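Everything below concerns the one structure shown next.
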Amino acid sequence: MIPQLPALHAAMLTRVMASVQADLRLEALLGTGSMVTGEFDEESDLDLVLLVRPDAFAGTMADRRTFAGGLGGLLACFSGEHVGEPRLLICLYGPPLLHVDFKFVSTDDLSGFVERPLLLWAREPETMQCRLDALQIKPARRDGQWFEDRAWVWMHYSATKIRRGEYFEALAALDFFREAVLGPMLRRHAGERPRGLRRIETSPGAAERLLSTVSTCDSASLVAAWHASIALYLDLRAADPPPYPTAHMPAALRDFLDGTA
């Protein structure tokens with residue numbers, strides 16, 4: 001079933017669907033992301049999965065940019081190695097501007113979905129829907145120990161950048177900690193899906209708790225945000241204590257930044 005989409009997205013989806021139907025190497029078109037979660041709006045990306053016949057997969061991967069360009073209005077595109085997904089082609093179309101992600105997947109490799117995709121079109125829709133219904137969906141779940149094993153290493157890294165005077169690097173490191181640790185932990189604490197900082201403003205009280213972890217580009221502000229990040233982490237950790245807390249933390253790390261160690 002095709003969901004209701006803003007006009008720009010709907011027009012692009014119509015073009016994509018026509019191209020998929022005309023390419024006999026392609027077996028189905030799936031929707032993911034906001035189409036699945038029900039949060040689609042005018043600012044959303046169009047996240048699409050193209051299912052490819054196994055015998056045609058290599059050739060289709062080689063022709064991805066041709067496929068994307070054939071839709072018209074392609075401004076730029078690149079593959080997703082930077083996020084560990086070389087099958088992904090990230091595209092910008094326009095004007096008007098629209099971000100579209102195409103993921104090319106062989107029909108014999110329907111694994112790794114963190115949410116059940118929406119079937120938009122298929123050559124054999126009933127068969128494909130049965131396969132999608134049978135998928136073992138594995139949402140990304142990170143327990144307290146996962147965060148504990150990483151938090152102090154990442155906060156030590158940001159501390160070294162502050163001490164060295166690499167303030168832009170320190171800003172980036174604290175931003176990363178907020179995205180990878182604090183945001184997901186706040187989501188878990190609220191009983192929500194751990195999606196980093198995505199729409200964190202809609203999670204009651206989360207934005208207010210994060211404000212003190214946001215720094216400007218000077219030493220005093222960075223130090224204050226660094227300490228606030230640790231304090232918030234410890235507060236959130238208390239709700240789901242890791243079985244193996246890291247020794248000497250946070251005292252050793254605080255001493256390291258404050259110059260007493």
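Quick notes on this structure:
- Residues of segment 57-77 that turn out to be closer than 17 Å to R15 by Cβ and in contact with a strand residue (DSSP E or B) (Cβ under 9 Å, 6 or more places away or on another chain), as a count: 11
- Of residues in segment 229-261 being among the hydroxyl-bearing types (S, T, Y) and under 13 Å from M185 (Cβ atoms), the one surrounded by the most Cβ atoms within 10 Å (Cβ to Cβ): S229
- Cβ-Cβ under 9 Å pairs, at least 6 apart or on other chains, segment 111-135 side closer than 20 Å to G38 by Cβ and modelled with pLDDT under 95, far side in a helix (DSSP H, G or I) and not aliphatic (A, V, I, L, M): E115/T37; R116/D133
- Matching residues in segment 117-149 - criterion: being out of contact with any Asp or Glu (no Cβ under 8 Å at 6 or more places or on another chain) and basic (K, R): R131, K138, R141, R142
- Qualifying residue in segment 214-228 (condition: in a loop (DSSP other than H, G, I, E, B) and either surrounded by 13 or more Cβ atoms within 10 Å (Cβ to Cβ) or of a type in the set (K, R) (or both)): yes
- The selection criterion, being among the β-branched types (V, I, T), buried (at least 17 other Cβ atoms within 10 Å of the Cβ) and either in a helix (DSSP H, G or I) or touching a Pro at 6+ places or on another chain (Cβ under 8 Å) (or both), does not hold for V153.
- Single residue of G31, G73, G84 found to be within 20 Å of W121 (Cβ to Cβ) and assigned by TED's automatic domain parsing to the domain that holds R116: G31
- The set of residues in segment 19-39 being part of a helix (DSSP H, G or I) and under 17 Å from A58 (Cα atoms) consists of V20 alone.
- Among the residues making up segment 110-130, those that are surrounded by fewer than 16 Cβ atoms within 10 Å (Cβ to Cβ), under 20 Å from M17 (Cα atoms) and not β-branched (V, I, T) are R116, R123, E124, P125, E126, Q129.
- V20 touching a helix residue (DSSP H, G or I) at 6+ places or on another chain (Cβ under 8 Å) and in contact (Cβ under 8 Å) with a residue 24 or more places away in the chain: no
- Single residue of segment 176-197 satisfying the filter (among the hydrophobic types (A, V, I, L, M, F, W, C), assigned to a helix (DSSP H, G or I) and without any contact (Cβ under 8 Å) to a residue 40 or more places away in the chain) that is farthest from P242 (Cα to Cα): F176
- Selected residue (criterion: nearest to G259 (Cα to Cα)) from residues of segment 156-197 that are surrounded by 17 or more Cβ atoms within 10 Å (Cβ to Cβ) and either among the aromatic types (F, W, Y) or not assigned by TED's automatic domain parsing to the domain that holds L210 (or both): Y167
- Applying the condition of being in contact (Cβ under 8 Å) with a residue 24 or more places away in the chain and of a type in the set (D, E) to segment 198-246 and asking which residue is nearest to L257 (Cα to Cα) yields D218.
- Options F102, F78, F40; residue that is out of contact with any Ser or Thr (no Cβ under 8 Å at 6 or more places or on another chain), of a type in the set (F, W, Y) and within 20 Å of L5 (Cα to Cα): F102
The values are calculated or read from the model by the stated rules, or taken from the named source; none is laboratory data. Computed from a prediction, not measured in an experiment: that's the story for all the values here. Positions of Cβ are generated from backbone atoms using ideal geometry, with glycine treated the same way; all protein chains shown enter the neighbour counts.
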